[in-house]
Amino acid sequence: MHKKLFIPGPTEVLPEVLEAQTKPMFGHRMKEASELGTSIINKLKKVLETDQGIIIWTASGSLIMEASVRNSVKKGVLGTICGAFSERWHKMAKANGLPAGKIEVEWGKAIKPEMVDAELATGSYDVLCLTHNETSTGVMNPVEEIADMVHAKYPDVFILVDAVSSLTGVKLDVNSFDVVLTSTQKCVALPPGLSFCTVSDRFFERAKTIEHRGHYTDFLLMKKYIDERGGQTPSTPALSLYNALDFQLDRMLAEGMDNRYKRHSDMAERTRAWIREHFELFPEPGYESQTVSVGKNTKGISVADLNKKLGERGLAIANGYGSKLKEKTFRIAHMGDLQMKDIDELLAAIDDILGH
Ligand SMILES: *Cc1c(COP(=O)(O)O)cnc(C)c1O
């Protein structure tokens with residue numbers, strides 16, 4: 001039986017969006033590929049309200065995280081760790097042999113501008129990595145406030161943002177950052193397999209001064225194909241997913257981005273109210289995510305058992321992330337194409353199972 005997904009990725013994909021993947025195939029060097037690539041890039045600029053460069057990779061979002069540190073870091077990269085995904089930035093920098101430092105807060109807490117300021121003041125860094133929405137803890141970091149501080153005090157520091165579980169679900173001024181990346185299987189509500197990012201002009205300039213950018217991970221090679229071959233890519237992209245993305249972007253523009261953001265914050269508010277009534281919220285107050293709500297398992301229920309029973313009703317939520325938070329927390333994602341009626345259906349089912 002299909003389970004409706006209230007997990008923070010992959011998210012529920014509508015039948016008509018799945019259907020958009022089944023168009024007949026064409027060649028990735030044909031005119032059709034250039035037109036489709038160009039169409040997607042232009043729609044993404046509208047959806048994200050930007051004139052910055054846009055690059056689409058056939059890969060999950062992690063690839064753009066890795067590519068963006070490879071294409072920018074010289075002196076040092078600062079990781080800002082508040083959970084599993086923000087830790088990944090730091091691991092990637094080290095795996096690529098790049099000089100890397102970090103600040104770290106307890107899981108559930110947010111990264112604040114003053115913490116970043118104190119570490120950047122050492123002068124050891126030219127790149128800063130941020131995680132907009134830390135999916136493992138349900139914390140939304142104040143990345144725009146952090147960017148304001150960095151622009152004022154460290155204008156030469158590049159800012160890379162992982163917005164995998166928030167972009168297109170939460171309004172974010174991408175023009176404040178050098179790279180903002182996401183994958184298709186979260187708020188974009190497509191199957192996994194593509195990721196895309198916005199890129200500042202100065203980031204492209206910076207990449208020109210980096211000798212070993214990799215090949216699949218080379219921002220400049222990707223840009224060259226877009227510029228010279230109209231939206232094509234150096235290697236064969238997932239064209240069926242491109243069709244679905246193009247279709248989904250039309251749906252987003254038809255809904256209206258402000259309506260889309262409001263739908264996400266309404267679902268978040270409803271879910272948080274329910275968690276407060278029956279459990280406690282896990283994130284630091286004031287920094288709760290708009291796309292995934294994380295509750296503390298204050299009643300000592302078996303989250304795995306609850307999910308099994310939900311599964312019998314065709315619904316799925318997520319357990320806490322990793323060994324630190326499994327069974328101690330639970331996660332309810334409200335992102336992508338889910339509607340308030342879906343949240344109502346889920347919460348009523350949980351109430352019924354737990355005898356609330
Ligand atoms: C899911 C997620 C990732 C990983 O994205 P992939 O597309 O699986 O590589 C990274 N960061 C955050 C915040 C996420 O939620």
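The values are calculated or read from the model by the stated rules, or taken from the named source; none is laboratory data. This structure is a prediction, so every number in the text was calculated from the model and none was measured. Heads up, the Cβs are rebuilt from the backbone with ideal geometry, glycines too, and the neighbour counts pull from every protein chain shown. Surface accessibility is based on the protein's heavy atoms, side chains included, excluding ligands, DNA and RNA. Shrake-Rupley method; radii C 1.70, N 1.55, O 1.52, S 1.80 Å.
So which helices (runs of 4 or more DSSP H) are wholly in the range 255-343 and hold at least 3 residues that are under 24 Å from the mean Cα position of the chain (by Cα)?
Those helices (runs of 4 or more DSSP H) span 257-278, 322-325.
May I ask you to list the residues in the range 122-141 that are open to solvent by 10 Å² or more (accessible area, probe 1.4 Å) and in a strand (DSSP E or B)?
If the condition is that a residue be open to solvent by 10 Å² or more (accessible area, probe 1.4 Å) and in a strand (DSSP E or B), then 140 is the only one that fits.
Is there a residue being of a type outside the set (D, E, K, R) and within 16 Å of the ligand (Cβ to nearest atom) anywhere in the range 23-40?
No, the range 23-40 contains no residue that is of a type outside the set (D, E, K, R) and within 16 Å of the ligand (Cβ to nearest atom).
Looking at the structure I just gave you, is residue 78 under 24 Å from residue 137 (Cα atoms) and either of a type in the set (Lys, Arg) or touching a helix residue (DSSP H, G or I) at 6+ places or on another chain (Cβ under 9 Å) (or both)?
On the way: under 24 Å from residue 137 (Cα atoms): yes; either of a type in the set (Lys, Arg) or touching a helix residue (DSSP H, G or I) at 6+ places or on another chain (Cβ under 9 Å) (or both): yes.
Yes: the conditions hold for residue 78.
Give the residues of the range 160-182 that are more than 16 Å from the ligand (Cβ to nearest atom) and open to solvent by less than 10 Å² (accessible area, probe 1.4 Å), sorted by residue number.
178
Considering 281, 239, which residue is open to solvent by less than 70 Å² (accessible area, probe 1.4 Å), out of contact with any Cys (no Cβ under 9 Å at 6 or more places or on another chain) and in the same structural domain as residue 140 (by TED's automatic domain parsing)?
239
Do you know which residues across the range 211-235 are at pLDDT 95 or above and part of a loop (DSSP other than H, G, I, E, B)?
Selection gives 211, 212, 213, 214, 215, 216, 217, 218, 232, 233, 234, 235.
Look through the range 183-210, keep the residues that are in a loop (DSSP other than H, G, I, E, B) and away from the ligand (no atom under 11 Å from the Cβ), and return whichever of them is surrounded by the most Cβ atoms within 10 Å (Cβ to Cβ).
Narrowing the range 183-210 to residues in a loop (DSSP other than H, G, I, E, B): 184-194, 200, 208-210.
Retained after the next criterion (residues that are away from the ligand (no atom under 11 Å from the Cβ)): 189-191, 200, 208-210.
On the way: 189: 25, 190: 27, 191: 18, 200: 20, 208: 10, 209: 9, 210: 16.
By that ranking, first place goes to 190.
For residue 70, state whether it is in contact with a helix residue (DSSP H, G or I) (Cβ under 8 Å, 6 or more places away or on another chain), among the basic types (Lys, Arg) and within 16 Å of the ligand (Cβ to nearest atom). Full working, then the answer.
Details: in contact with a helix residue (DSSP H, G or I) (Cβ under 8 Å, 6 or more places away or on another chain): no; among the basic types (Lys, Arg): yes; within 16 Å of the ligand (Cβ to nearest atom): yes.
Spelling it out, it is not the case that residue 70 is in contact with a helix residue (DSSP H, G or I) (Cβ under 8 Å, 6 or more places away or on another chain), among the basic types (Lys, Arg) and within 16 Å of the ligand (Cβ to nearest atom).
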